[in-house]
Amino acid sequence: MPTDTARERTEAVRFALRAVAWSLGLFGLLRLNWIEVQAVLPVTRAQAAVAVGLFGTPALPVEVTLACSGADALALCFGAIFAYPVQWRRRVAGAACGAALILGLNTFRLGTLGRVAASPGWFNALHVYVWPAVLTLAIAGYVFAWMRFADRRQAQAETAGAAGSLSTGLPPSPLSVARLAPQPTRRFVYLTAAFLLVFLAASPLYLESAAVLTLAGFMARAAAATLGIAGVSAHAVDNVLWTPRGGFLVTQECISTPLIPVYLAAVCAYATTWRRLILGVLAALPLVVALGIVRLLIVALPGTLVASPLFMVHAFYQLLLGAVVVFLAARWRHGWSAAPRHALAGVIVGVGFVYVLGSFYTSIVTYPAGAPADDPQGALAFLPAFQIGLYLALWIAAFVAAGWRRFLAGLVVLELTQTAGLFALHALASHPGLTAHVRDVRGWAIAGPLLIAAAVVNVARPRR
């Protein structure tokens, strides 16, 4: 009579056989001449170009061949993931993340090999011993971590489905999912306020830091390399990114976004284990660097889409945070499954207002207080239209059930705060040293609509 242990061994053997079959099949597929020419070789050249952009020109010429592509590592990783018995959407997501990890590590491998090309000893050690071991350990660690994550998610889904069917005989509704979702807590609010204060107090340190300036130069070179791969003529000198639309200086202030303390507060408030807390904190720097590089890529957008790339670069984090807030509101109200379409509908309405009626509305609001005060980045001029657009997006995405009377009341309050705030800023501008910082204006642009919408919803009774 078979036991549970015997069954587990059988499943393990089947998994091993499937993994071998998948890996061999992918090895053969990637070695086909057409695949190598049309897919593997372009990816290899792209990695080499990014490596040169990040690490500089090799000390001696280094030949980057198909053997340097990382295709063998991808076949091993994909073979194990595709063979694992979970839903295919989880396998595809795991393979995509694994590909990003392997290609990223392989790009750094090419860059480091180029840097030590003039030293045969170091080159051979890295090429033959160090990097193969690093890639092997990284693939193994990632695959095992992904398996545990996939098992846990599948078990949670099965448990939730069983509980829902036992209690009602029906799948859980989006409203019940929303009620079970993590809610904003006082802890998050307090941590955000504390981290923001520390962030502001430490500004003289990071705004004058040579290390942060070096990181800015790295981001400029990475953006130039990425634009070069996309066919855009770009290069970086120190921390200046040059494109056909001009030069863009990347400074410490470009990196030090207030999203950093907000992100850390969210991690500290909502991480359920020490491992997640540590991973979340460690992910802060790579996340900030990646977002900073994406932000610089805006300079390559054509003039038909972006009239002023510099304005879009400055407003990048404000726009990004606004979109994240809308999605989180939709997720809180409707659950994961319905959140994307509600958030998208809200964003479309908000962006439509800014494009169609933004200038007209801004002229009406700023008329009583006069033109905005000193506003080199255009943050004040953009604030009135952006706040109304964000308020509309939040309402469409999550708060329609509160009723249109509540919506109009909140809209009126928001307009009054805009007028009063602009008057206050003009009064402060008349006193030297009291001019509002641009990041304070962008913080107000997000916090105003969000707080007003939250206040309206808290006193509202959703319609049945």
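The values are calculated or read from the model by the stated rules, or taken from the named source; none is laboratory data. Being a predicted model, the structure only gives us computed values, none of them experimental. Neighbour counts are summed over all protein chains in view; Cβ atoms, including those assigned to glycine, are modelled from backbone coordinates with ideal geometry.
For the range 93-133, a residue qualifies if it is outside any helix (DSSP H, G or I) and among the aliphatic types (A, V, I, L, M), and the qualifying residues are VAL116, ALA117, ALA118. Residue-level analysis places VAL400 outside the set of residues that are assigned by TED's automatic domain parsing to the domain that holds VAL326 and either closer than 13 Å to TRP444 by Cβ or touching a residue at least 24 places away in the same chain (Cβ under 8 Å) (or both).
Of the helices (runs of 4 or more DSSP H) lying entirely inside the range 155-229, those containing at least 3 residues that are within 22 Å of the chain's Cα centre (by Cα) and modelled with pLDDT of 50 or more are 186-201, 210-229. Checked against the criteria, THR136 counts as part of a helix (DSSP H, G or I) and over 17 Å from GLN47 (Cα atoms). Among all positions in the range 249-270, there is at least one residue which is modelled with pLDDT of 80 or more, assigned to a strand (DSSP E or B) and in the same structural domain as ILE293 (by TED's automatic domain parsing). The condition of being closer than 22 Å to HIS334 by Cβ, small (Gly, Ala, Ser), part of a helix (DSSP H, G or I) and modelled with pLDDT under 85 holds for only one of ALA401, ALA397, ALA427, that being ALA401. Can you pull out the residues in the range 243-294 that are among the basic types (Lys, Arg) and farther than 17 Å from LEU227 by Cβ? Answer for the range 243-294, where residues must be among the basic types (Lys, Arg) and farther than 17 Å from LEU227 by Cβ: ARG275, ARG276. The numbered conditions (1) closer than 20 Å to GLY228 by Cα; (2) buried (at least 19 other Cβ atoms within 10 Å of the Cβ); (3) modelled with pLDDT under 85 are all true for PHE123 except (1). All of ARG90, ARG45 fail the test of being modelled with pLDDT of 85 or more and either assigned by TED's automatic domain parsing to the domain that holds PHE149 or part of a helix (DSSP H, G or I) (or both), apart from ARG90.
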